[in-house]
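Novice: Encoded as structure tokens, here's the structure I'll be asking about.
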Amino acid sequence: MRVVYTPLHLGHDVLTETVLGQPIPANEVPERAERIRAALLADGGFELVEPTEHGPDPILTVHDPGLLRFLEEAWPQLRREGIDRAALMPDTFAVGGLFEGFGPEAERIIREPRTIAGRAGFWGLDSSTPLVAGTYLAARGAVDVALTAVDLVLDGGDAAAYGLCRPPGHHAARSMYAGYCFFNNAAIAGEAIVRRTGEQVAILDLDYHHGNGTEQIFWRRGDVLYVSIHADPDRQYPYYLGRADETGEGPGAGANLNLPLEAGVDDARYLEVLDRALEAIAATPGSVIVVSLGFDTYGHDPICDFALTTSVYHEIGRRVAALGRRLVVLQEGGYYRPALGENARVWLRGAEGRSLDLVPATGWSETGSRA
């Protein structure tokens, strides 16, 4: 399998994030992608390729031009305003209650502020998604990684391709960055496939967290089926979307399937629900699946509460591939770094139909530093 990777992600090097008002060590760090890259290279059965540049136009097929403009301008503006911070994190957000009761006047009143602090809260959802000097180029690189994986499948004849996207993307909505995500890589890839093939495309989200951004982008679209297996939002981020009764509206009615799960989900339970997700995809037309692949479902993940083991990822990959559709697999979350590379390697081996060969992560200590 070919693996698309760019070192541009290293520029998005965040040290801390803020959770419930407290700074903590960042979870979404460059080591995540480097662990995966090292594990796939050590396997010997994967070929790393560089992405090709696709420009901003594919981003604008799913995102507001203002979001693209903000992310490009944010860091230079922060410095022009003389704000000497290691990262940009908003503390004031344009939440709906702020504008309640304005009615028809809202369109005139609600506008993007001029200062960088106001702009960050206008486009952002939370305080756990810091922006640093290299964030914009890293996010653009992740989009190129995703679109190059699409190219390999649609033009290169690959049955499956893996985009090692970082930053991840599925929390980014049309006009909002959130949850470590700046551009929605899976949504951009799905839209590109629809436009190039004229087919319906399925997006299968296997990250622990619900992909609120992907759901929002395609909420009224019948040509994209969004299926997500995730933690119940009543207890986990993103909290406000991801419930089972969210099924789409208008042309998209019935094209959104959420499968929220309880804490402590084990291998058997997950496979049971996965089969439901795959049955829904099998019942719809289309020849390509975009997989939003997260490994924060792993039992040792520091910010999640499922209990999956490494070995089950092989079976998950095998069952997804058994549908017989071409796969564009894009990396989302997963924050237990010592096992991240092996979990990815095993999943991709399953998708290729190769045997399961578990090996311990090599070259890294369990503390997350280079051994």
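The values are calculated or read from the model by the stated rules, or taken from the named source; none is laboratory data. Being a predicted model, the structure only gives us computed values, none of them experimental. So basically every Cβ, Gly included, is an ideal-geometry build from the backbone, and we count neighbours across all protein chains shown. Only protein heavy atoms, including side chains, enter the accessible area calculation; ligands, DNA and RNA are left aside. Shrake-Rupley method; radii C 1.70, N 1.55, O 1.52, S 1.80 Å.
Novice: I want to confirm something. Restricting to region 51-92 and keeping residues that are over 21 Å from the mean Cα position of the chain (by Cα) and among the polar types (S, T, N, Q), which single residue is farthest from Gly179 (Cα to Cα)?
Specialist: Gln77
Novice: Going through Leu98, Leu137 one at a time, which residue ends up being in contact (Cβ under 8 Å) with a residue 40 or more places away in the chain and either closer than 16 Å to Gly11 by Cβ or open to solvent by 60 Å² or more (accessible area, probe 1.4 Å) (or both)?
Specialist: Result of the check over Leu98, Leu137: Leu137.
Novice: Name every residue in region 131-166 that is of a type in the set (Asp, Glu) and in contact with a Pro (Cβ under 6 Å, 6 or more places away or on another chain), in order of residue number.
Specialist: Matches in region 131-166: Asp144 only.
Novice: Something else: Consider Val273 carefully, then state whether it is open to solvent by less than 40 Å² (accessible area, probe 1.4 Å), part of a loop (DSSP other than H, G, I, E, B), among the hydrophobic types (A, V, I, L, M, F, W, C) and at pLDDT 95 or above.
Specialist: Criteria not met by Val273.
Novice: Then there's this: Pairs, please: C-beta under 8 Å, at least 6 apart or cross-chain, first residue of a type outside the set (A, V, I, L, M, F, W, C) and in region 37-55, second open to solvent by 60 Å² or more (accessible area, probe 1.4 Å)?
Specialist: Going by the 8 Å Cβ cut-off, the qualifying pairs are Gly45/Glu352; Gly45/Arg354; Glu47/Arg2.
Novice: Filtering region 101-133 down to residues that are more than 18 Å from Ser175 (Cβ to Cβ) and β-branched (Val, Ile, Thr), which residue is most open to solvent (accessible area, probe 1.4 Å)?
Specialist: Per the criteria, the residue is Thr115.
Novice: Being outside any loop (DSSP other than H, G, I, E, B), more than 24 Å from Leu147 (Cβ to Cβ), modelled with pLDDT of 95 or more and open to solvent by less than 50 Å² (accessible area, probe 1.4 Å) is true for just one of Ala339, Ala351, Ala344. Which residue is that?
Specialist: Answer to the check: Ala339.
Novice: Here are Val265, Val291: which of them is at pLDDT 95 or above and over 30 Å from Arg220 (Cβ atoms)?
Specialist: Criteria check complete, one pass: Val265.
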